[in-house]
Amino acid sequence: MSDYSTARRNMVDGQVRPSSVTDWRIIDAMRTVPRDGFVPPSLRDMSYLDLDLNVAAPGEPPRCLLRPAVTARLLQAADLHSNDHVLVVGCATGYLAALAAKLAGRVTATESQPALAEQGRDMLKRLGGFGNIELQTAPAEHGAPDRAPFDVIILNGATEIVPLQLYQQLRLGGRLVGIFARSQPPRAEIVIRSEGDFGSRILFDVAAPVLPGLQKLPEFAF
């Protein structure tokens, strides 16, 4: 694998830090976790550009690594702690899950495309040091109820619906961070579970590819 360390450092200094990301744990993680390892060879030279990178095989629904600055801002909003159990939904090949694992105690990650999930498991094994990640093959909308409750849930993509099934997997006081495309413009939001309710707060405007399973159902006209 080529040495992309300079490109990785430039990504952090030129994209992440200017986006009001001040958590040095996130900055250090993004300087060390090789984004280029989580994309197919044809995309490696684009790994550190300000782009959502589609890592799905041709003919499959798009599955993306979100833009570096967006990834970092979502992680910062999630405010991960060393004892948190985190669910990363729609993890693709596992880049966001790997970053979260540098910040949290335990990470469960789900991906609906089996081939991508397998690629992610292989990459994490090759890198080493990610024994605190469990990567499951599962639809985005299902989450991982067998591993719930979670302190934090992060969506690696957008949702066009209210993902109530995921909300229910939050611990009391837990938080879900993701991009909500239910209206225009799409916005990153944080949802916090309280006793008998879920409160939300807008973080910033941003667009991202919608996760399969979290699309709005088509409306039928008669």
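The values are calculated or read from the model by the stated rules, or taken from the named source; none is laboratory data. Keep in mind that this is a model prediction, so the values were computed, not measured. All Cβ positions, glycine included, derive from the backbone under ideal geometry; neighbour counts span all protein chains shown. Surface accessibility is based on the protein's heavy atoms, side chains included, excluding ligands, DNA and RNA. Shrake-Rupley method; radii C 1.70, N 1.55, O 1.52, S 1.80 Å.
Just a few scattered comments:
- Checking Leu51 against (1) part of a loop (DSSP other than H, G, I, E, B); (2) within 12 Å of the chain's Cα centre (by Cα); (3) more than 29 Å from Asp146 (Cβ to Cβ), the condition it does not meet: (2)
- Subset of the stretch 178-202 [within 19 Å of the chain's Cα centre (by Cα) and open to solvent by less than 60 Å² (accessible area, probe 1.4 Å)]: Gly178, Ile179, Phe180, Ala181, Pro186, Ala188, Glu189, Ile190, Val191
- Here no helices (runs of 4 or more DSSP H) wholly within the stretch 58-152 include at least 3 residues being open to solvent by 10 Å² or more (accessible area, probe 1.4 Å), among the charged types (D, E, K, R) and under 22 Å from Val162 (Cβ atoms).
- For Met11, the conditions (1) open to solvent by 30 Å² or more (accessible area, probe 1.4 Å); (2) in contact (Cβ under 8 Å) with a residue 40 or more places away in the chain; (3) not in a loop (DSSP other than H, G, I, E, B) all hold with the exception of (1).
- Among the residues making up the stretch 5-52, a single one is among the aromatic types (Phe, Trp, Tyr) and within 15 Å of Arg126 (Cβ to Cβ): Phe38.
- If you go through the stretch 24-42 and keep only what is within 26 Å of Leu203 (Cβ to Cβ), buried (at least 18 other Cβ atoms within 10 Å of the Cβ) and charged (D, E, K, R), you end up with just Arg35.
- Taking the listed residues Ser194, Ser183, the one that is polar (S, T, N, Q) and under 23 Å from Arg63 (Cα atoms) is Ser183, with no other qualifying.
- Test: Phe180 is modelled with pLDDT of 95 or more, among the aromatic types (Phe, Trp, Tyr), in contact with a Ser or Thr (Cβ under 8 Å, 6 or more places away or on another chain) and within 29 Å of Leu51 (Cα to Cα): yes
- Matching entry among Gly174, Gly157 (being under 21 Å from Leu99 (Cα atoms), assigned to a strand (DSSP E or B), at pLDDT 95 or above and touching an Asp or Glu at 6+ places or on another chain (Cβ under 6 Å)): Gly174
- Residue among Leu170, Leu217, Leu164 that alone is closer than 16 Å to Val88 by Cα and open to solvent by 80 Å² or more (accessible area, probe 1.4 Å): Leu164
- Cβ-Cβ under 8 Å pairs, at least 6 apart or on other chains, the stretch 92-103 side within 14 Å of Asp36 (Cα to Cα), far side open to solvent by less than 10 Å² (accessible area, probe 1.4 Å) and of a type in the set (Phe, Trp, Tyr): Ala92/Phe38; Thr93/Phe38; Gly94/Phe38; Tyr95/Phe38; Ala98/Phe38
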